Amino acid sequence: MDEHKVAVSIVIPVYGCRAALPELYRRLVSVLEQLGLTFEIIFVDDCCPQDSWSEIREICLVDNRVIGLRLSRNFGQIRAITSGLDTSVGDWVIVMDCDLQDPPEAIADLWTKIHEGWDVVFARRVKRKDTGLTMALSRSFYKTYDWFTDGTYDPTIANFSIASRKVIDSYCSLREQNRGYVTFIRWLGFRQTSIDVESEKRYEGKSSYTMRRKVRMAFELITSQSTKPLKIAVCLGLLLAALAFLYLLFLVIQKYVNPEIAIGWTSMIGAVFLMGGLNLSFIGVVGLYVGNIFEEVKQRPLYVIAETINAKGDG
(Lines give C-alpha, C1' and ligand atoms only; values in the text may rest on other atoms or scores of the structure.)
Protein backbone atom coordinates (compact mmCIF):
# COMPACT_ATOMS: atom_id res chain seq x y z
CA MET A 1 0.00 0.00 0.00
CA ASP A 2 1.31 3.41 -0.99
CA GLU A 3 1.13 5.44 2.20
CA HIS A 4 0.80 8.68 0.21
CA LYS A 5 -2.51 7.52 -1.25
CA VAL A 6 -4.28 6.67 1.99
CA ALA A 7 -7.06 9.16 2.64
CA VAL A 8 -8.43 7.65 5.84
CA SER A 9 -6.99 5.40 8.56
CA ILE A 10 -9.41 3.66 10.91
CA VAL A 11 -7.85 2.65 14.24
CA ILE A 12 -9.74 0.04 16.25
CA PRO A 13 -8.52 -1.40 19.59
CA VAL A 14 -9.76 -4.96 19.99
CA TYR A 15 -10.56 -6.59 23.31
CA GLY A 16 -13.34 -8.96 24.30
CA CYS A 17 -15.53 -8.77 21.19
CA ARG A 18 -14.15 -11.22 18.63
CA ALA A 19 -17.52 -12.13 17.12
CA ALA A 20 -18.12 -8.53 16.00
CA LEU A 21 -14.96 -8.23 13.87
CA PRO A 22 -16.22 -9.80 10.59
CA GLU A 23 -19.41 -7.71 10.68
CA LEU A 24 -17.46 -4.58 11.63
CA TYR A 25 -15.04 -5.14 8.75
CA ARG A 26 -17.86 -5.75 6.25
CA ARG A 27 -19.74 -2.59 7.23
CA LEU A 28 -16.58 -0.46 7.29
CA VAL A 29 -15.54 -1.51 3.80
CA SER A 30 -19.05 -0.93 2.48
CA VAL A 31 -19.19 2.62 3.87
CA LEU A 32 -15.68 3.61 2.86
CA GLU A 33 -16.01 2.27 -0.68
CA GLN A 34 -19.32 4.07 -1.11
CA LEU A 35 -17.55 7.28 -0.13
CA GLY A 36 -14.87 6.53 -2.73
CA LEU A 37 -12.04 6.74 -0.20
CA THR A 38 -8.70 5.00 -0.13
CA PHE A 39 -8.28 3.63 3.35
CA GLU A 40 -6.52 1.38 5.80
CA ILE A 41 -8.16 -0.41 8.72
CA ILE A 42 -5.88 -1.00 11.70
CA PHE A 43 -7.01 -3.63 14.17
CA VAL A 44 -4.97 -3.60 17.40
CA ASP A 45 -5.25 -6.80 19.43
CA ASP A 46 -4.71 -5.74 23.03
CA CYS A 47 -4.02 -9.33 24.10
CA CYS A 48 -7.72 -10.22 23.83
CA PRO A 49 -8.67 -13.28 25.94
CA GLN A 50 -10.95 -14.50 23.12
CA ASP A 51 -8.02 -14.91 20.70
CA SER A 52 -9.25 -12.12 18.43
CA TRP A 53 -5.88 -12.23 16.71
CA SER A 54 -6.96 -15.35 14.79
CA GLU A 55 -9.94 -13.44 13.41
CA ILE A 56 -7.81 -10.39 12.61
CA ARG A 57 -5.31 -12.62 10.80
CA GLU A 58 -8.06 -14.09 8.60
CA ILE A 59 -9.31 -10.63 7.63
CA CYS A 60 -5.78 -9.38 6.90
CA LEU A 61 -5.08 -12.35 4.63
CA VAL A 62 -8.04 -11.57 2.38
CA ASP A 63 -7.60 -7.78 2.31
CA ASN A 64 -4.22 -6.06 2.39
CA ARG A 65 -5.92 -2.79 3.26
CA VAL A 66 -6.34 -4.24 6.74
CA ILE A 67 -3.39 -4.01 9.13
CA GLY A 68 -3.13 -6.20 12.21
CA LEU A 69 -1.09 -5.29 15.29
CA ARG A 70 -0.79 -7.71 18.19
CA LEU A 71 0.52 -6.25 21.43
CA SER A 72 2.75 -8.43 23.60
CA ARG A 73 0.37 -8.09 26.57
CA ASN A 74 -2.66 -6.11 27.63
CA PHE A 75 -1.57 -2.46 27.74
CA GLY A 76 -5.06 -0.95 27.95
CA GLN A 77 -7.37 0.64 25.42
CA ILE A 78 -5.69 4.04 25.20
CA ARG A 79 -2.22 2.63 24.61
CA ALA A 80 -3.64 0.23 22.05
CA ILE A 81 -5.15 3.24 20.28
CA THR A 82 -1.79 5.01 20.48
CA SER A 83 -0.04 2.08 18.78
CA GLY A 84 -2.58 2.23 15.95
CA LEU A 85 -2.18 5.98 15.60
CA ASP A 86 1.61 5.64 15.47
CA THR A 87 1.20 3.11 12.64
CA SER A 88 -1.43 5.03 10.67
CA VAL A 89 -0.51 7.04 7.56
CA GLY A 90 -3.88 8.43 6.44
CA ASP A 91 -4.53 12.13 5.95
CA TRP A 92 -7.49 11.68 8.29
CA VAL A 93 -7.75 9.23 11.17
CA ILE A 94 -10.90 7.71 12.63
CA VAL A 95 -10.84 6.08 16.07
CA MET A 96 -13.68 3.77 17.06
CA ASP A 97 -14.48 0.79 19.29
CA CYS A 98 -14.75 -2.78 18.04
CA ASP A 99 -18.08 -3.74 19.64
CA LEU A 100 -20.28 -1.98 17.03
CA GLN A 101 -21.70 0.48 19.53
CA ASP A 102 -20.11 3.00 17.17
CA PRO A 103 -22.05 2.45 13.90
CA PRO A 104 -19.68 2.44 10.89
CA GLU A 105 -22.38 4.14 8.80
CA ALA A 106 -21.87 7.30 10.91
CA ILE A 107 -18.45 7.71 9.26
CA ALA A 108 -20.23 9.31 6.30
CA ASP A 109 -21.59 12.02 8.60
CA LEU A 110 -18.19 12.53 10.23
CA TRP A 111 -16.57 12.79 6.79
CA THR A 112 -19.09 15.40 5.66
CA LYS A 113 -18.72 17.45 8.83
CA ILE A 114 -14.92 17.46 8.86
CA HIS A 115 -14.89 19.15 5.45
CA GLU A 116 -16.70 22.16 6.82
CA GLY A 117 -13.30 23.32 8.05
CA TRP A 118 -12.90 21.43 11.34
CA ASP A 119 -9.75 19.66 12.50
CA VAL A 120 -11.58 17.25 14.82
CA VAL A 121 -15.15 15.98 14.84
CA PHE A 122 -16.36 13.84 17.75
CA ALA A 123 -19.40 11.60 17.68
CA ARG A 124 -21.71 12.52 20.53
CA ARG A 125 -23.57 9.38 21.63
CA VAL A 126 -27.32 9.88 21.90
CA LYS A 127 -29.83 7.27 23.04
CA ARG A 128 -27.06 5.18 24.54
CA LYS A 129 -27.83 1.54 25.22
CA ASP A 130 -25.84 1.49 28.46
CA THR A 131 -27.42 0.97 31.87
CA GLY A 132 -28.57 3.90 33.97
CA LEU A 133 -25.82 3.21 36.49
CA THR A 134 -23.12 3.30 33.79
CA MET A 135 -24.39 6.60 32.43
CA ALA A 136 -24.70 8.11 35.93
CA LEU A 137 -21.12 7.11 36.76
CA SER A 138 -19.92 8.56 33.48
CA ARG A 139 -21.60 11.91 34.17
CA SER A 140 -20.25 11.94 37.73
CA PHE A 141 -16.71 11.27 36.57
CA TYR A 142 -16.73 14.05 33.99
CA LYS A 143 -18.21 16.55 36.43
CA THR A 144 -15.46 15.68 38.90
CA TYR A 145 -12.85 15.79 36.15
CA ASP A 146 -14.14 19.21 34.99
CA TRP A 147 -13.78 20.61 38.49
CA PHE A 148 -10.25 19.33 38.98
CA THR A 149 -8.99 20.39 35.54
CA ASP A 150 -11.06 23.57 35.10
CA GLY A 151 -12.38 22.19 31.83
CA THR A 152 -15.73 21.44 30.26
CA TYR A 153 -16.17 17.92 28.95
CA ASP A 154 -19.24 16.28 27.48
CA PRO A 155 -19.89 12.81 28.99
CA THR A 156 -21.68 11.72 25.81
CA ILE A 157 -18.46 12.02 23.81
CA ALA A 158 -16.28 8.90 23.58
CA ASN A 159 -13.36 7.90 21.36
CA PHE A 160 -15.39 7.69 18.12
CA SER A 161 -14.08 10.63 16.10
CA ILE A 162 -12.23 11.81 13.03
CA ALA A 163 -9.16 14.03 13.17
CA SER A 164 -6.67 15.48 10.73
CA ARG A 165 -3.12 14.23 10.43
CA LYS A 166 -1.68 17.31 12.15
CA VAL A 167 -3.90 16.67 15.17
CA ILE A 168 -2.93 12.99 15.32
CA ASP A 169 0.77 13.78 14.96
CA SER A 170 0.45 16.29 17.81
CA TYR A 171 -1.29 13.69 19.96
CA CYS A 172 1.37 11.07 19.20
CA SER A 173 4.09 13.51 20.23
CA LEU A 174 2.69 13.40 23.78
CA ARG A 175 4.32 10.32 25.28
CA GLU A 176 2.98 10.54 28.82
CA GLN A 177 2.29 7.24 30.57
CA ASN A 178 -1.08 8.29 32.01
CA ARG A 179 -3.03 9.34 28.96
CA GLY A 180 -6.51 9.71 27.57
CA TYR A 181 -7.57 10.08 23.96
CA VAL A 182 -10.49 12.49 24.18
CA THR A 183 -8.97 14.54 27.02
CA PHE A 184 -5.63 14.95 25.24
CA ILE A 185 -7.26 15.84 21.91
CA ARG A 186 -9.39 18.43 23.69
CA TRP A 187 -6.29 19.80 25.44
CA LEU A 188 -4.48 20.21 22.12
CA GLY A 189 -7.07 22.68 20.96
CA PHE A 190 -7.47 22.99 17.18
CA ARG A 191 -10.91 23.53 15.66
CA GLN A 192 -13.23 20.97 17.23
CA THR A 193 -16.92 20.16 17.06
CA SER A 194 -19.26 17.20 17.46
CA ILE A 195 -22.29 15.63 15.82
CA ASP A 196 -25.04 13.46 17.24
CA VAL A 197 -24.74 9.74 16.50
CA GLU A 198 -27.27 7.22 17.76
CA SER A 199 -25.38 4.52 19.61
CA GLU A 200 -26.09 0.87 18.86
CA LYS A 201 -26.27 -2.07 21.22
CA ARG A 202 -23.04 -3.87 22.02
CA TYR A 203 -22.62 -6.77 19.56
CA GLU A 204 -21.62 -9.23 22.28
CA GLY A 205 -20.27 -9.43 25.81
CA LYS A 206 -19.95 -6.53 28.21
CA SER A 207 -17.56 -3.69 28.88
CA SER A 208 -14.16 -4.63 30.30
CA TYR A 209 -14.12 -1.38 32.29
CA THR A 210 -15.00 -2.61 35.75
CA MET A 211 -15.67 -0.20 38.59
CA ARG A 212 -12.16 -0.78 39.89
CA ARG A 213 -10.61 0.05 36.52
CA LYS A 214 -12.77 3.16 36.16
CA VAL A 215 -11.74 4.45 39.59
CA ARG A 216 -8.07 3.77 38.85
CA MET A 217 -8.33 5.54 35.50
CA ALA A 218 -10.00 8.52 37.19
CA PHE A 219 -7.14 8.81 39.69
CA GLU A 220 -4.55 8.52 36.92
CA LEU A 221 -6.14 11.16 34.70
CA ILE A 222 -6.78 13.65 37.49
CA THR A 223 -3.37 13.37 39.15
CA SER A 224 -1.58 13.49 35.78
CA GLN A 225 -3.35 16.67 34.63
CA SER A 226 -4.21 18.62 37.76
CA THR A 227 -2.47 19.81 40.92
CA LYS A 228 -5.73 20.65 42.67
CA PRO A 229 -5.60 17.60 44.99
CA LEU A 230 -2.29 18.91 46.37
CA LYS A 231 -3.73 22.40 46.81
CA ILE A 232 -6.77 20.94 48.57
CA ALA A 233 -4.50 19.00 50.93
CA VAL A 234 -2.55 22.16 51.76
CA CYS A 235 -5.69 24.26 52.34
CA LEU A 236 -7.36 21.58 54.43
CA GLY A 237 -4.21 21.13 56.49
CA LEU A 238 -4.01 24.88 57.19
CA LEU A 239 -7.71 24.98 58.05
CA LEU A 240 -7.39 22.10 60.51
CA ALA A 241 -4.30 23.67 62.04
CA ALA A 242 -6.20 26.93 62.55
CA LEU A 243 -9.17 25.11 64.09
CA ALA A 244 -6.86 23.13 66.36
CA PHE A 245 -5.15 26.35 67.52
CA LEU A 246 -8.51 27.98 68.28
CA TYR A 247 -9.64 24.87 70.14
CA LEU A 248 -6.45 24.84 72.24
CA LEU A 249 -6.91 28.53 72.97
CA PHE A 250 -10.48 27.78 74.05
CA LEU A 251 -9.25 25.01 76.40
CA VAL A 252 -6.66 27.31 77.97
CA ILE A 253 -9.25 30.02 78.59
CA GLN A 254 -11.71 27.45 79.91
CA LYS A 255 -9.05 26.11 82.29
CA TYR A 256 -8.40 29.55 83.74
CA VAL A 257 -12.13 30.25 84.09
CA ASN A 258 -12.83 26.88 85.71
CA PRO A 259 -9.66 25.31 87.19
CA GLU A 260 -11.61 22.23 88.35
CA ILE A 261 -12.46 21.10 84.80
CA ALA A 262 -11.11 17.65 83.92
CA ILE A 263 -8.95 17.02 80.87
CA GLY A 264 -10.85 15.00 78.24
CA TRP A 265 -8.98 11.88 77.12
CA THR A 266 -11.73 10.99 74.64
CA SER A 267 -11.36 14.23 72.69
CA MET A 268 -7.58 13.86 72.76
CA ILE A 269 -7.66 10.34 71.32
CA GLY A 270 -10.21 11.44 68.71
CA ALA A 271 -7.99 14.33 67.67
CA VAL A 272 -4.97 12.02 67.38
CA PHE A 273 -6.84 9.60 65.13
CA LEU A 274 -8.29 12.43 63.06
CA MET A 275 -4.93 14.07 62.46
CA GLY A 276 -3.25 10.71 61.88
CA GLY A 277 -5.81 9.78 59.22
CA LEU A 278 -5.53 13.16 57.53
CA ASN A 279 -1.73 12.96 57.52
CA LEU A 280 -1.86 9.54 55.90
CA SER A 281 -4.33 10.82 53.30
CA PHE A 282 -2.16 13.81 52.47
CA ILE A 283 0.94 11.65 52.23
CA GLY A 284 -1.02 9.35 49.92
CA VAL A 285 -1.94 12.27 47.65
CA VAL A 286 1.69 13.34 47.47
CA GLY A 287 2.63 9.70 46.85
CA LEU A 288 0.37 9.57 43.79
CA TYR A 289 2.24 12.48 42.24
CA VAL A 290 5.61 11.01 43.15
CA GLY A 291 4.44 7.73 41.61
CA ASN A 292 3.54 9.55 38.40
CA ILE A 293 7.02 11.06 38.29
CA PHE A 294 8.52 7.62 38.92
CA GLU A 295 6.60 6.15 35.98
CA GLU A 296 7.59 8.98 33.66
CA VAL A 297 11.32 9.05 34.42
CA LYS A 298 11.67 5.35 33.58
CA GLN A 299 10.78 6.29 29.99
CA ARG A 300 9.44 2.86 29.17
CA PRO A 301 7.60 2.44 25.85
CA LEU A 302 3.85 2.92 25.93
CA TYR A 303 3.35 -0.47 24.29
CA VAL A 304 5.24 -3.39 22.76
CA ILE A 305 4.15 -4.89 19.44
CA ALA A 306 4.64 -8.65 19.22
CA GLU A 307 3.43 -9.22 15.65
CA THR A 308 2.16 -7.27 12.67
CA ILE A 309 0.36 -8.18 9.45
CA ASN A 310 0.27 -5.99 6.31
CA ALA A 311 2.03 -3.17 8.13
CA LYS A 312 4.62 -1.12 6.28
CA GLY A 313 7.88 -3.09 6.05
CA ASP A 314 6.24 -6.50 6.54
CA GLY A 315 7.17 -7.46 2.99
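The values are calculated or read from the model by the stated rules, or taken from the named source; none is laboratory data. Note that the structure is a prediction, hence the values are computed from the model and not measured. Note that we place each Cβ from the backbone using ideal geometry, even for glycine, and neighbour counts take in every protein chain shown. Ligands, DNA and RNA are stripped out before the accessible areas are found, and what is left, the full protein with its side chains, is counted by its heavy atoms. Shrake-Rupley method; radii C 1.70, N 1.55, O 1.52, S 1.80 Å.
Go through (1) in contact with a strand residue (DSSP E or B) (Cβ under 7 Å, 6 or more places away or on another chain); (2) part of a helix (DSSP H, G or I) for residue 12 and report which single condition fails.
(2)
Kindly list, by first and then second residue, each pair from a residue in the stretch 70-93 that is more than 16 Å from residue 167 (Cα to Cα) and open to solvent by less than 50 Å² (accessible area, probe 1.4 Å) to a residue that is of a type in the set (Val, Ile, Thr) and assigned to a strand (DSSP E or B), limited to pairs with Cβ atoms under 8 Å and residues at least 6 apart or on different chains.
Qualifying pairs under 8 Å: 71/44; 71/305; 80/14; 80/44.
Anything in the stretch 182-193 that is touching a helix residue (DSSP H, G or I) at 6+ places or on another chain (Cβ under 8 Å) and modelled with pLDDT of 90 or more? List them, or say none.
The answer is 185, 188, 190, 192, 193.
Going residue by residue through the stretch 46-62, is there one that turns out to be over 16 Å from residue 14 (Cα atoms) and at pLDDT below 95?
Yes, because at least one residue in the stretch 46-62 is over 16 Å from residue 14 (Cα atoms) and at pLDDT below 95.
What are the pairs, 6+ residues apart or on separate chains, where a residue within the stretch 286-306 that is basic (Lys, Arg) has its Cβ under 8 Å from a residue that is not in a strand (DSSP E or B)?
300/177
Looking only at the stretch 31-60, count every residue that is touching a residue at least 40 places away in the same chain (Cβ under 8 Å) and more than 26 Å from the chain's Cα centre (by Cα) and tell me the total.
7
How about the stretch 45-69: which of its residues are under 14 Å from residue 19 (Cβ atoms), in contact with a Leu (Cβ under 8 Å, 6 or more places away or on another chain) and open to solvent by 40 Å² or more (accessible area, probe 1.4 Å)?
Hit for the stretch 45-69 is 55, nothing else.
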